[in-house]
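Step one of this worksheet: look at the structure below.
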Amino acid sequence: MELALYDTLTREKRVFTPLDPARVRMYVCGPTVYDFAHIGNARPVIVFDILFRLLRHLYGADHVTYVRNITDVDDKINARAAEEYPDLPLNEAIRRVTEKTDKQFHADVAALGCLPPTAEPRATEHIEDMKAVIERLVAEGCAYVADEHVLFRVAAMADYGKLSKRSLDEMIAGARVEVAPYKRDAMDFVLWKPSKPGEPAWPSPCGIATPGRPGWHIECSAMADRWLWTDARSRLSERGLAHPHQFDIHGGGIDLVFPHHENEIAQTRCAFHTPAMANFWMHNGFLQVEGRKMAKSEGNFITISDLLMTDTFGGRAWSGDVLRLAMLQTHYRQPIDWTVNGLELAFHTLDDWFRAAAPGRNGPPNQGVVDALLDDLNTPRMIAELHAVRKQISQPQHGEAAVELGNTLSFLGFVQQNFFAWLTKLNDQVVADPGRIDTLIDARNAARREKNFKEADRIRDELKATGIELEDHKGGTTTWKVKR
RNA sequence: GGCCACGUGGCGGAGUGGUUACGCAACGGUCUGCAAAACCGUGUACCCCGGUUCAAUUCCGGGCGUGGCCUCCA
């Protein structure tokens with residue numbers, strides 16, 4: 001079976017053929033590190049991690065390059081830095097904000113079971129690459145210098161607007177923002193802008209005297225080209241070299257389609273004279289919380305860290321695996337409604353699977369699961385396939401199906417040991433004294449042997465009142481778990 | 001105002017021009033001292049109105065609802 005992916009540019013599901021099977025290349029827009037990542041940020045991270053794992057499975061782990069950038073130049077960062085550290089020089093304050101946020105992001109993402117991308121370039125480390133692209137665009141006549149800014153000339157791009165399906169005329173007609181006077185055309189966008197004293201600044205390109213900083217869109221064009229073309233070149237076969245400056249998949253949230261990705265395409269194609277930037281454009285749908293849009297003003301703004309560490313959502317903390325499964329319960333292109341109900345369902349499902357599965361040993365994943373993913377990452381179908389494997393297990397952790405389930409879960413980034421460790425920790429919070437439970441179980445079993453069922457049931461009820469549920473098993477053993 | 005999505009049974013959620021998705025919950029049963037687990041079984045859904053068709057939840061048009069983008073945004 002072949003991999004088919006939905007391409008936003010053509011609005012259809014197409015068979016995925018790598019430009020160069022020896023080196024499959026994917027770029028995903030990562031976070032702007034000014035605040036803790038919210039649960040909406042987690043969606044593309046998880047979705048494209050699944051795709052990364054699938055591509056590694058199909059083409060070999062050493063043949064897939066996955067780049068996810070970190071935006072650490074941004075006016076929101078500047079604003080946050082000035083707000084949080086008013087007494088520090090701005091650049092020092094910015095460094096603190098980005099370092100803290102960056103560290104938290106990586107902790108969050110690791111907890112969600114995501115593999116580290118092949119590379120995570122930072123904007124600040126690629127200013128020279130951006131300036132080089134900007135210089136090229138000006139030399140090509142696709143960009144111009146005005147009032148110390150460098151602007152991309154949208155008219156230079158014949159089919160600008162194709163990705164987002166909008167025409168320049170429509171956009172100009174519908175524009176609600178006043179146009180900066182130095183723009184030749186209302187839709188022209190900034191590639192470089194001058195910095196005020198104290199703001200982050202680098203020597204400007206194009207002979208501009210005032211130091212400045214890059215616009216937002218240029219970083220992705222520059223970093224994608226650096227990592228997926230310039231630096232990847234030596235490892236490409238002739239097939240890949242036949243498509244200079246192009247790569248296979250570009251991903252991100254659907255809100256990035258316009259203007260971000262539209263502008264990336266314009267920059268890259270005009271700078272390098274290519275017919276395309278990426279072969280496939282993939283976008284995940286938006287996220288709502290309990291049926292409402294997530295916003296600080298709605299009071300339902302929720303970070304990954306909140307979900308992992310606090311009981312602010314649903315009255316309890318959640319393991320990263322549960323968040324991961326909850327995210328995959330909905331197909332990535334559908335809008336997702338993030339609810340406590342959804343998390344509880346995911347918890348229940350994962351709990352069942354992990355109890356049934358043998359520990360994952362890097363063996364081959366279930367083919368039905370792989371097939372579901374090959375169909376444009378149909379994760380709901382994937383979950384149905386996992387249920388089918390689970391159904392074949394009659395005795396927990398025994399038999400081929402249990403091994404297969406373990407291997408498949410591990411392939412998908414669900415880690416049994418992590419889940420159980422987390423569960424144990426959670427239980428420890430509920431259960432003050434596990435030894436006491438064992439004592440009561442022994443007492444109850446003694447009563448059962450003497451057919452004193454009244455006493456046995458009394459002990460069951462006593463434990464139940466504290467949230468502990470007992471289960472008797474065939475061999476005469478009794479286990480307990482925390483009732484939820 | 002312009003553009004773009006989405007709307008499936010109690011809940012979550014795929015999919016399809018005519019046949020059981022799947023899971024959770026519910027209900028009935030087997031089993032069990034009881035219970036849980038496990039196992040077996042039950043439910044016939046596709047926002048509204050038109051159109052195309054022998055046949056539409058599935059295609060087309062309109063409406064309504066929700067959301068997104070057009071300005072920073074996953």
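Taking 1 over the mean of 1/r across every pair of different Cα atoms in the stretch A:278-382, what Kirkwood radius in Å do you get?
Evaluated over the stretch A:278-382, this radius sits at 15.5 Å.
Whole-Å semi-axes of the stretch A:4-284's equivalent ellipsoid, largest first, each the root of 5 times a Cα gyration tensor eigenvalue?
One finds semi-axes of 29, 25, 18 Å for the stretch A:4-284.
Given q = 0.27 Å⁻¹, what are the Debye log10 I(q)/I(0) values for the stretch A:225-298, with equal point scatterers placed on the Cα positions and solvent ignored?
Rounded to two decimals, the profile gives -1.27.
I'd like the per residue volume of the convex hull spanned by the Cα atoms of the stretch A:171-247, given in cubic angstrom.
160 Å³
Would you compute the Debye intensity of chain A from its alpha-carbon atoms alone, equal scatterers and no solvent, and pass along log10 I(q)/I(0) at q = 0.06, 0.07, 0.08, 0.13 Å⁻¹ to two decimals?
For chain A, the Cα-only Debye profile gives -0.34, -0.46, -0.58, -1.27.
For chain A, what is the calculated [θ] at 222 nm in deg cm²/dmol (nearest 500), taking -39500 (n - 2.57) for each run of four or more DSSP H residues and dividing by its residue count?
About -13000 deg cm²/dmol.
In whole Å, largest first, what are the principal axis extents of the Cα atoms in the stretch A:203-326?
Its Cα atoms span 54, 43, 23 Å along the three principal axes.
Using only Cα atoms, find the angle between the long axis of helix A:39-59 and the longest principal axis of chain A, and express it within 0 to 90 degrees, rounded to the nearest 10.
Between helix and principal axis, roughly 90 degrees.
Just need the Rg to Rh number for the stretch A:431-482, please, alpha carbons only, Kirkwood Rh.
0.94
What's the center-to-center distance, using Cα atoms, between the stretch A:331-391 and the stretch A:75-149 in Å?
A separation of 35 Å, based on Cα centres.
How much of the calculated P(r) for the stretch A:1-156 lies past 24 Å, in percent of all Cα pairs?
Percentage above 24 Å: 52.
At 10 °C and 1.306 mPa s, grab the translational diffusion coefficient of the stretch A:375-417 from Stokes-Einstein with a Kirkwood Rh over Cα pairs, rounded to a whole number in µm² per second.
D = 146 µm²/s.
Quick one: A:Arg444, A:Arg235, fewest Cβ neighbours within 10 Å first, how do they rank?
With the sparsest Cβ surroundings first, the list reads A:Arg235, A:Arg444.
For the stretch A:103-236, count all C-alpha to C-alpha pairs, find those more than 21 Å apart, and express that count as a whole percent of the total.
54 percent
Write out the cysteines belonging to chain A for which the nearest other cysteine Cβ is not under 4.7 Å, or none if no such cysteine exists.
Result for chain A is A:Cys29, A:Cys114, A:Cys206, A:Cys220, no neighbouring Cys Cβ within the cutoff.
Viscosity 0.890 mPa s, temperature 25 °C: give me the Stokes-Einstein translational D for the stretch A:351-440 in µm²/s, with Rh taken as the Kirkwood radius over C-alpha pairs.
173 µm²/s
Quick one: which of A:308-314, A:344-350 comes out on top by average Cβ neighbours within 10 Å, and what's the full order, highest first?
Descending mean neighbour count gives A:344-350, A:308-314.
Between the stretch A:440-484 and the stretch A:229-255, what is the C-alpha centre distance in whole Å?
Taking the Cα centre of each part, the stretch A:440-484 and the stretch A:229-255 sit 61 Å apart.
Using every alpha carbon pair in the stretch A:1-73, what percent of pairs falls into each 10 Å bin from 0 up to the bin containing the largest distance?
17, 44, 30, 10, 0
No lab work stands behind these numbers, since they all come straight from the coordinates. Note that the structure is predicted; figures quoted are calculated from it, not measured. FYI the Cβ positions are ideal-geometry reconstructions off the backbone, even for glycines, and counts take in every protein chain you see.
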